[in-house]
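The values are calculated or read from the model by the stated rules, or taken from the named source; none is laboratory data. As the structure is a computational prediction, the values presented were derived from the model and not from experiment. Ideal geometry is used to build each Cβ from the backbone, glycine not excepted, and the neighbour counts take in all protein chains shown.
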Amino acid sequence: MDVVVSNYALHHLSHPAKSQLVAACYDWTEPAGRICIADLMVPLTLRPGQSGPLLRKVRRLAGRGKGGYWRIAKNGVRWAVGRGEYPATLSFWREALRRGGFEDVGGRLVGTESGVVWGRKAQDAPASTLRATGSSPHRVR
């Protein structure tokens with residue numbers, strides 16, 4: 001592939017799965033290939049000092065009445081059983097792309113909860129050997 005793009009999907013993966021996927025994307029891209037990920041990039045956590053975005057989201061949903069409370073309850077259950085959303089920070093994504101082998105890694109926050117991160121595979125990187133088989137040694141869960 002010349003370009004890999006993900007738009008608001010990877011916050012559903014665990015952080016280790018995100019890193020595995022980045023490594024697989026590196027294998028799939030041709031030399032000088034690019035990756036671009038747009039996603040939620042504000043962690044949703046109750047940790048002291050980091051809970052502001054989650055609490056603002058809950059307040060905003062609660063302000064919508066019954067429908068908002070339904071979403072709060074539904075997402076709370078999903079999170080409790082391990083099927084929630086797991087946004088990673090911009091710094092996590094930058095480091096994941098670097099560890100995955102990408103160069104010219106950059107990124108920026110967009111709005112209050114979102115961000116975009118990008119990188120490029122080196123021009124002189126060996127072409128992927130996976131093209132012929134269509135398989136990958138990386139398994140993302």
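Does the stretch 39-46 contain at least one residue that is farther than 26 Å from V77 by Cβ and in contact with a Gly (Cβ under 9 Å, 6 or more places away or on another chain)?
For the stretch 39-46, residues farther than 26 Å from V77 by Cβ and in contact with a Gly (Cβ under 9 Å, 6 or more places away or on another chain): absent.
Out of all the residues in the stretch 51-85, which are β-branched (V, I, T) and within 20 Å of S14 (Cβ to Cβ)?
Of everything in the stretch 51-85, those that are β-branched (V, I, T) and within 20 Å of S14 (Cβ to Cβ) turn out to be V77, V81.
How do the pairs read when you match residues in the stretch 121-134 that are over 27 Å from G106 (Cβ atoms) and in the same structural domain as D27 (by TED's automatic domain parsing) with residues anywhere that are modelled with pLDDT of 50 or more and not aliphatic (A, V, I, L, M), using Cβ under 6 Å and keeping only pairs 6 or more apart or on different chains?
Within 6 Å, no pair qualifies.
Among the residues of the stretch 2-30, which ones are surrounded by fewer than 14 Cβ atoms within 10 Å (Cβ to Cβ) and more than 19 Å from L109 (Cβ to Cβ)?
D2, V3, S14, P16
L54 - would you say it is under 20 Å from S91 (Cβ atoms) and either touching a Pro at 6+ places or on another chain (Cβ under 7 Å) or not β-branched (V, I, T) (or both)?
Yes, satisfied.
Given the condition of a type outside the set (V, I, T) and either at pLDDT below 90 or in contact with a His (Cβ under 8 Å, 6 or more places away or on another chain) (or both), answer yes or no: does some residue in the stretch 100-107 qualify?
Among the residues of the stretch 100-107, not one is of a type outside the set (V, I, T) and either at pLDDT below 90 or in contact with a His (Cβ under 8 Å, 6 or more places away or on another chain) (or both), which makes the answer no.
Does A88 qualify as being farther than 21 Å from A9 by Cα, at pLDDT below 95, touching a Pro at 6+ places or on another chain (Cβ under 8 Å) and buried (at least 17 other Cβ atoms within 10 Å of the Cβ)?
No, not satisfied.
Which of the residues that make up the stretch 31-58 are surrounded by fewer than 19 Cβ atoms within 10 Å (Cβ to Cβ) and in contact with a Lys or Arg (Cβ under 9 Å, 6 or more places away or on another chain)?
Of everything in the stretch 31-58, those that are surrounded by fewer than 19 Cβ atoms within 10 Å (Cβ to Cβ) and in contact with a Lys or Arg (Cβ under 9 Å, 6 or more places away or on another chain) turn out to be P31, A32, R34.
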